[in-house]
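The values are calculated or read from the model by the stated rules, or taken from the named source; none is laboratory data. Just so it is clear, the model here is predicted, and its values are computed rather than measured. Here Cβ is always computed from backbone atoms with ideal geometry, including for glycine, and neighbour counts include all displayed protein chains.
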Amino acid sequence: MPELFRVFPFLAGAAAGQPGGALYIPPQSGGRLDNTDLYSVLYLGNSPAGAIAEAFGRFPEWTLAMLRGSPSLPGSARGLARFDLDPLESLCDLDDPRQLLRLRLRPSDVVGRDYARTRAWARRIYESRTWAGISWWSYYDPQWTSVGLWKTDRLALKEVRVLRLDDVALMDAARIIVRRIIP
């Protein structure tokens, strides 16, 4: 998976690992893979539309308000970052049935909303020290892959753009997951 994408609160001029930067990982505790005592997770997608759907899918209508940045980061806007992941880095592919068998996981364990369970298998995978992160199919559409990456040192930032309501990827995501865009 050479290209990965992320939606985040973007602040022009911010260093990549600082608040407003594409590689900044805010304090975590609410995500599917979060085990903050062991690692931080950078959540990404394998396509711009997939990353946008994961970021905004919970909203039934998409408006300019959702594209504003974080209130704790004045002057920020939602950005879409594109990265290349070093091909030497491997992800634990939970869309591979053989991998699920090896890990004794069912597909419902992967996409279920019981985060105590998802964090438990994420911890086991991390502690194996075999992978840079985990990939699985998107909650919003199985054509997209979601990625949780704890090893980010071989992730190269290629570009960042500020999201707009007329962005092709945003319109694709809205069409696929049936969200109304309100200008």
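Name the pairs whose Cβ atoms lie under 8 Å apart, with the first residue in segment 117-137 and more than 21 Å from LEU4 (Cβ to Cβ), the second outside any helix (DSSP H, G or I) and of a type outside the set (Phe, Trp, Tyr), and 6 or more positions between them or separate chains?
If the second residue must be outside any helix (DSSP H, G or I) and of a type outside the set (Phe, Trp, Tyr), the pairs left are ARG119/ARG32; ARG119/LEU33; ARG119/ASP34; ARG119/ASN35; TRP121/LEU105; ARG123/ASN35; ARG123/LEU38; GLU127/LEU38.
Look at TYR126 and say whether it is part of a loop (DSSP other than H, G, I, E, B) and either of a type in the set (Ser, Thr, Tyr) or touching a strand residue (DSSP E or B) at 6+ places or on another chain (Cβ under 7 Å) (or both). I'd like the intermediate steps shown before the answer.
On the way: part of a loop (DSSP other than H, G, I, E, B): no; either of a type in the set (Ser, Thr, Tyr) or touching a strand residue (DSSP E or B) at 6+ places or on another chain (Cβ under 7 Å) (or both): yes.
Criteria not met by TYR126.
Need at least 3 residues that are within 14 Å of the chain's Cα centre (by Cα) per element, so show me which strands (runs of 3 or more DSSP E) inside segment 15-115 make the cut, counting only ones lying wholly within it. Can you show your working first?
Working: elements: 42-45, 77-85, 91-93.
Because the criterion is at least 3 residues that are within 14 Å of the chain's Cα centre (by Cα), the strands (runs of 3 or more DSSP E) in segment 15-115 that meet it are 42-45, 77-85.
Is it the case, given these coordinates, that VAL147 is surrounded by fewer than 17 Cβ atoms within 10 Å (Cβ to Cβ), β-branched (Val, Ile, Thr) and either in contact (Cβ under 8 Å) with a residue 24 or more places away in the chain or more than 23 Å from SER40 (Cα to Cα) (or both)? Steps first, answer last, please.
Working: surrounded by fewer than 17 Cβ atoms within 10 Å (Cβ to Cβ): no; β-branched (Val, Ile, Thr): yes; either in contact (Cβ under 8 Å) with a residue 24 or more places away in the chain or more than 23 Å from SER40 (Cα to Cα) (or both): yes.
No; evaluated as a whole, the condition is false for this residue.
Take segment 159-168 and flag every residue that is touching a Gly at 6+ places or on another chain (Cβ under 9 Å) and among the aliphatic types (A, V, I, L, M).
Going through segment 159-168, the residues touching a Gly at 6+ places or on another chain (Cβ under 9 Å) turn out to be 160-163.
Passing the criteria: VAL160, VAL162, LEU163.
Looking at (1) more than 24 Å from GLY30 (Cα to Cα); (2) surrounded by 15 or more Cβ atoms within 10 Å (Cβ to Cβ), which is the only condition LEU94 fails?
Among (1) more than 24 Å from GLY30 (Cα to Cα); (2) surrounded by 15 or more Cβ atoms within 10 Å (Cβ to Cβ), LEU94 violates only (1).
Within segment 156-178, restricting attention to residues that are more than 18 Å from the chain's Cα centre (by Cα) and basic (Lys, Arg), which residue is surrounded by the most Cβ atoms within 10 Å (Cβ to Cβ)? Lay out the reasoning, then the answer.
Here is the first cut: in segment 156-178, the ones more than 18 Å from the chain's Cα centre (by Cα) are 164-168, 171, 175, 178.
Next, only the ones that are basic (Lys, Arg) stay: 164, 175.
Values: ARG164: 14, ARG175: 11.
The extreme case among them is ARG164.
Suppose we filter LEU85, LEU103, LEU94 for residues that are farther than 14 Å from LYS151 by Cβ and out of contact with any Cys (no Cβ under 9 Å at 6 or more places or on another chain); which single one remains? Give the steps one after another, and end with the answer.
Details: LEU85 fails: farther than 14 Å from LYS151 by Cβ; LEU103 fails: out of contact with any Cys (no Cβ under 9 Å at 6 or more places or on another chain).
One residue alone meets the criteria, LEU94.
Tally up the residues in segment 58-97 that are within 19 Å of ILE176 (Cβ to Cβ) and touching a Leu at 6+ places or on another chain (Cβ under 6 Å), please.
Total satisfying the criteria: 3.
State yes or no: is VAL110 touching a Phe, Trp or Tyr at 6+ places or on another chain (Cβ under 6 Å), at pLDDT below 95 and not polar (S, T, N, Q)?
Yes: the conditions hold for VAL110.
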